[in-house]
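Encoded as structure tokens, the structure appears first; notes follow it.
The values are calculated or read from the model by the stated rules, or taken from the named source; none is laboratory data. Treat the numbers as computed from the prediction; the structure is a model and nothing was measured. We place every Cβ from the backbone using ideal geometry, glycine too, and count neighbours over all the protein chains shown. Areas reflect the complete protein model, heavy atoms only, side chains present, ligands, DNA and RNA absent. Shrake-Rupley method; radii C 1.70, N 1.55, O 1.52, S 1.80 Å.
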Amino acid sequence: MAWDYIICGAGSAGCVLAHRLSADPKNKVLLLEGGGFDTSPVLRVPAGEIKAILNPRFNWMYMSEPDPSLNGRDAMWPGGKVLGGSSSINGMIYLRGQHEDYDEWARLIGNTGAWSYRDVLPYFKRMESNPLGPSEYHGADGPLEVSNVPTPHPLVRVFVEASKEIGIPFNPDVNGERQEGAGPNQGTVRFGRRNSTARAYLRPVMGRRNLDVETEAKVDKVLFEEGRARTVIYSRAGVKHEARADGEIVLSAGAIASPAILLRSGIGPAADLAQLGIAAVADSPGVGNNLQEHPVAWVAGYVDISTYNTEVTASGWVRHGLNWLLRGKGPAASPIAQAVAFVRTRPQEEDRPDIQIHFVPTGYEFGPDGIKLLERPGITLPVNVCRPKSRSRLTLRSADPNEPPRIFSNLLGDEDDMRRMIDGCKISRAIFESAAFKPHFQELYLPAPEERSDEALEAYIRQYTLPAYHPTSTCTMGIDDMAVVDPELRVRGVDGLRVIDASIMPIVTSANTNAPTIMIGEKGSDLILSR
């Protein structure tokens with residue numbers, strides 16, 4: 001059978017594409033997902049996020065090479081291995097980024113392709129059903145239902161008041177007119193359940209006769225005939241299969257897997273491909289380069305009020321479990337972070353926020369055995385650089401699709417990123433030490449209370465920083481020689497092949513990347529259908 005569209009990857013963008021492209025019954029659509037179904041309860045309960053993301057059943061768990069900017073530490077770079085992709089294992093935080101992010105994309109591609117904020121805003125509105133209601137910035141009848149935190153922790157209000165005290169304005173809608181300020185988060189949560197793109201976009205249309213979904217289908221490569229993408233090679237249960245496209249093939253496997261598929265298909269730096277015995281179809285030096293990620297460090301303190309880590313008891317499981325099951329409320333129904341602050345570290349120098357600080361009402365311990373819950377109440381304020389200048393890259397280990405790619409991480413390779421991280425940690429400490437927090441804050445435990453100098457904070461940051469799980473930009477959209485796809489997301493140098501996922505971002509957005517990736521899926525579907 002020949003398909004009109006073959007989508008490789010049922011993740012945050014892939015499920016959107018399957019929904020939109022199969023809306024016309026004349027289009028025969030095949031969706032291939034390397035992972036399994038999303039039926040596990042761990043994937044439905046928002047509080048199960050940590051268990052989901054640390055489970056190799058649901059996460060490809062790519063490991064980086066030792067990072068010289070992090071004292072030679074390696075780190076896990078996740079990728080969703082399940083229907084819904086990373087939207088099925090992430091922290092469910094719904095943030096778009098800053099208006100200027102998309103305006104910068106438009107500038108970088110010569111203002112072609114309609115990627116400015118005003119161009120992409122209709123897609124953000126089209127995709128969402130937002131409790132804020134229809135407005136200039138929000139939609140109310142899209143497939144993706146987002147929600148306010150159903151039961152905010154009591155210290156959310158304190159976090160906002162403390163932020164105001166140190167000069168960070170209150171912002172009731174950080175996805176609205178502006179991003180700067182401190183305010184509540186929204187999450188991709190529906191009636192207390194995770195609302196991944198698999199649930200919002202794919203499940204409602206899986207009965208369509210013109211849509212086939214294959215799970216446990218790991219894509220190896222794309223084959224070409226006279227320069228046009230025609231066949232996808234994939235394996236299920238160790239058996240190789242072929243799927244042929246009369247129309248287009250779309251890679252939506254994410255910022256790690258999509259460039260790996262391109263490289264195995266012969267699209268990438270020709271010299272590197274030759275060393276692996278892969279014949280070059282198109283010499284594209286940008287594939288796998290320009291890998292961007294938000295570095296995140298942790299500022300955390302003990303408080304005198306119960307936090308979610310101390311609610312993990314037999315009675316807590318029963319009480320909160322019933323509240324979640326029957327009412328869709330309580331800690332079990334919350335995205336990982338309930339509030340956020342976007343801050344200019346140096347207001348006289350910065351024209352927009354350069355640091356993001358989340359409010360997480362959970363205390364964690366970070367040690368050689370990984371992340372554990374504290375045994376006493378604690379609050380965590382993760383700090384990350386909005387637009388890091390550091391760049392990482394990835395390449396293949398071999399032509400074998402069962403070999404994960406090599407990720408050469410360089411999270412804090414640029415000193416400007418380190419300066420912003422240090423300033424961000426100082427701002428988080430100031431929030432804890434504010435008058436608003438004084439009745440509840442007891443002491444800092446990350447970093448240690450005595451680590452106040454820039455030198456001490458830099459040492460702490462290099463030892464504890466991790467990727468924020470927002471990888472992007474390995475198949476960059478653009479018009480220069482390093483661009484992998486053009487402004488219509490078509491792979492340069494070949495026909496009939498596009499990349500539509502987070503890997504096409506020229507610059508990572510200034511916040512969590514899931515909502516922008518869903519938007520890319522929405523806009524990408526229109527680019528295909530209006531060809």
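The table for this structure:
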| quantity | calculated |
| --- | --- |
| Residues of segment 194-213 that turn out to be over 19 Å from Ala257 (Cβ atoms) and either in a strand (DSSP E or B) or under 25 Å from the mean Cα position of the chain (by Cα) (or both), as a count | 11 |
| Unmet requirement for Gln348, which otherwise passes all of (1) assigned to a loop (DSSP other than H, G, I, E, B); (2) in contact with a helix residue (DSSP H, G or I) (Cβ under 9 Å, 6 or more places away or on another chain); (3) modelled with pLDDT under 95 | (2) |
| Among the candidates Val360, Val340, residue that is at pLDDT 95 or above, surrounded by 22 or more Cβ atoms within 10 Å (Cβ to Cβ) and closer than 18 Å to Leu374 by Cβ | Val360 |
| All positions within segment 221-246 that are among the aliphatic types (A, V, I, L, M), assigned to a strand (DSSP E or B) and more than 20 Å from Ser398 (Cα to Cα) | Ala229, Ala243, Ala245 |
| Filter pass, Ala515 being buried (at least 22 other Cβ atoms within 10 Å of the Cβ), in a loop (DSSP other than H, G, I, E, B) and touching an Asp or Glu at 6+ places or on another chain (Cβ under 9 Å) | no |
| Residue that is surrounded by the most Cβ atoms within 10 Å (Cβ to Cβ) [pool: residues in segment 171-196 that are among the basic types (Lys, Arg) and under 20 Å from His153 (Cβ atoms)] | Arg194 |
| Hits in segment 119-136 (condition: charged (D, E, K, R) and part of a loop (DSSP other than H, G, I, E, B)) | Glu136 |
| Matching residues, segment 315-337, being open to solvent by 80 Å² or more (accessible area, probe 1.4 Å) and free of Cβ contacts under 8 Å to residues at least 60 places away in the same chain | Trp317, Val318, Arg319, Leu322, Leu325, Leu326 |
| Test: Glu216 is in contact (Cβ under 8 Å) with a residue 12 or more places away in the chain, over 30 Å from Ser334 (Cβ atoms), in a strand (DSSP E or B) and of a type in the set (Asp, Glu) | no |
| Selected residue [within 30 Å of Glu177 (Cβ to Cβ) and among the polar types (S, T, N, Q)] from Ser69, Ser86, Ser40 | Ser86 |
| Scan of segment 117-132 for residues that are touching a helix residue (DSSP H, G or I) at 6+ places or on another chain (Cβ under 6 Å) and crowded, with 19+ Cβ neighbours inside 10 Å, ordered by number | Val120, Tyr123, Phe124, Met127 |
| Any chance Leu374 is surrounded by fewer than 23 Cβ atoms within 10 Å (Cβ to Cβ) and without any contact (Cβ under 8 Å) to a residue 12 or more places away in the chain | no |
| Considering residues of segment 122-154 that are of a type in the set (Asp, Glu) and under 20 Å from the mean Cα position of the chain (by Cα) only, the residue farthest from Tyr102 (Cα to Cα) | Glu145 |
| Matching residues, segment 107-118, being in contact (Cβ under 8 Å) with a residue 40 or more places away in the chain and either under 21 Å from Val146 (Cβ atoms) or assigned to a helix (DSSP H, G or I) (or both) | Leu108 |
| Top-ranked residue of segment 301-314 - restricted to ones that are among the hydrophobic types (A, V, I, L, M, F, W, C) and open to solvent by 60 Å² or more (accessible area, probe 1.4 Å), ranked as farthest from Asn175 (Cα to Cα) | Ala314 |
| Condition check for Arg96: open to solvent by less than 20 Å² (accessible area, probe 1.4 Å), basic (Lys, Arg) and either modelled with pLDDT of 95 or more or within 19 Å of the chain's Cα centre (by Cα) (or both) | yes |
| Residues being assigned to a loop (DSSP other than H, G, I, E, B) and surrounded by fewer than 15 Cβ atoms within 10 Å (Cβ to Cβ) - total across segment 400-418 | 3 |
| Search result, residues across segment 247-284 that are out of contact with any Pro (no Cβ under 7 Å at 6 or more places or on another chain), of a type in the set (Val, Ile, Thr) and part of a helix (DSSP H, G or I) | Ile261 |
| Segment 398-414 residues that are under 14 Å from Ala260 (Cα atoms), paired with ones that are open to solvent by less than 30 Å² (accessible area, probe 1.4 Å) and in a loop (DSSP other than H, G, I, E, B) (beta carbon under 9 Å, 6 or more apart) | Ala399/Ile278; Glu403/Leu396; Pro405/Gly288; Pro405/Leu396; Arg406/Leu396; Ile407/Ala75; Ile407/Pro471 |
| Qualifying residue in segment 7-18 (condition: surrounded by fewer than 24 Cβ atoms within 10 Å (Cβ to Cβ) and either within 19 Å of Arg126 (Cβ to Cβ) or in contact with a strand residue (DSSP E or B) (Cβ under 9 Å, 6 or more places away or on another chain) (or both)) | no |
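Here is a yes/no grid of residues against (1) open to solvent by 30 Å² or more (accessible area, probe 1.4 Å); (2) outside any helix (DSSP H, G or I); (3) under 22 Å from Ala75 (Cα atoms):
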{"position": "Gln356", "(1), (2), (3)": "no, yes, yes"}
{"position": "Pro388", "(1), (2), (3)": "no, yes, yes"}
{"position": "Met421", "(1), (2), (3)": "no, no, yes"}
{"position": "Ala448", "(1), (2), (3)": "no, yes, no"}
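Let's see how each residue does on (1) free of Cβ contacts under 8 Å to residues at least 12 places away in the same chain; (2) among the aliphatic types (A, V, I, L, M); (3) closer than 26 Å to Asp24 by Cβ:
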| residue | (1), (2), (3) |
| --- | --- |
| Cys475 | no, no, no |
| Gly478 | no, no, no |
| Asp486 | no, no, yes |
| Val494 | no, yes, yes |
| Met505 | no, yes, no |
| Gly521 | no, no, yes |
| Ile528 | no, yes, yes |
